[in-house]
Amino acid sequence: MNVLITGVSKGVGLEIAKLFLENGHHVYGISRTESPELKALELQYPEQLFFKLFDLLLPEKIREEVFKSFVSNHIPIHVLINNAAMAYDDIVTNLNIDELRKMFDVNLYSPMFLTKYAIRNMIYNRVEGSIIHISSISAHTGYKGLAMYAASKGALQSFSKNVSREWGERGIRSNIVVPGYMETAMNAKLTQDHKNRIFKRTALKKETDMQSVAETVLFLAGEKSKSITGQEIFVDSGTL
């Protein structure tokens, strides 16, 4: 399979890329930075991993930069994984329009345009593809300071469900993976006390395992999940 992944240089995006590569797939990765870990993967899988520096703050350039100069219609896309995200954490009374717009560009508008052009690629190549969006448990369970971030992820979930209805007849599936709290750069500024309070809200009383999230994405990408679409799959240590 040819797999297009955003936010591939670190965190869960990097884990997802590793898993697809280990299973023999070709990964086309996009990120605004290139981490040492990603560079090591490129050396390890020179014929499977292809990378492009691109900032998803520019959704209007996705067609030209991603689907013309990087992944053209001559490369059939079997799987799109919209993983990249940025957090705008603050209480609502401090809401700033510029920060809000930047976050929605990355978390919602760019995934929407990536989905648009990935579907066109799938139709052109007669591929029954899988689109997987990475959401957040904050879209379902309230956390102080995450109202704006949760709103962007909640909108993405609604988008995914409607895409699944719109394109199901062409064999194109769209699903959401909803991870719980993971140790990522986005969450690095949280104190240990704050983390412990988050863990106490889960059935397992611990953080979400990143590998478990990646394995779920791999499952949703393949034939074993061919009857699953329009769904939200929770991988969140049981946040109840």
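Read the figures in this text as sums done on the coordinates, not as results from a lab. As the structure is a prediction and not an experimental result, all values here were calculated from the model. So basically every Cβ, Gly included, is an ideal-geometry build from the backbone, and we count neighbours across all protein chains shown.
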Rounded FRET efficiency, nearest 0.05, which uses the C-beta distance separating E34 from A147 and R0 of 30 Å
0.40
Around L49: net Lys/Arg minus Asp/Glu count, Cβ-Cβ under 15 Å:
-2
Taking the Cα-to-Cβ direction at A203 and at S72 and moving 7 Å from each Cα, how far apart do the two end points lie in nm?
5.0
What is the spin-label model distance, in nm, from L43 to L57 if the labels are put 7 Å beyond Cα along the C-beta direction?
3.0
Can you say what percent of the DSSP beta bridges in the chain, counting only those with both residues inside, are antiparallel? Round to 5.
5
Calculate, for L240 and T93, the FRET efficiency according to 1/(1 + (r/R0)^6) with r their C-beta to C-beta distance and R0 35 Å; round to the nearest 0.05.
0.75
Please report the net charge: other residues with Cβ closer than 13 Å to the Cβ of S110, K and R +1, D and E -1.
+2
Nitroxide proxy distance, nm - points 7 Å out along Cα→Cβ at E223 and M112
3.6
Hz values of 3J(HN,Hα) by residue in the range 19-33 - Karplus curve (6.51, -1.76, 1.60), Gly and Pro given as x
5, 5, 5, 4, 9, x, 8, 9, 10, 10, x, 10, 6, 7, 9
So for the chain, considering every pair of alpha-carbon atoms, how many percent are separated by more than 25 Å?
38
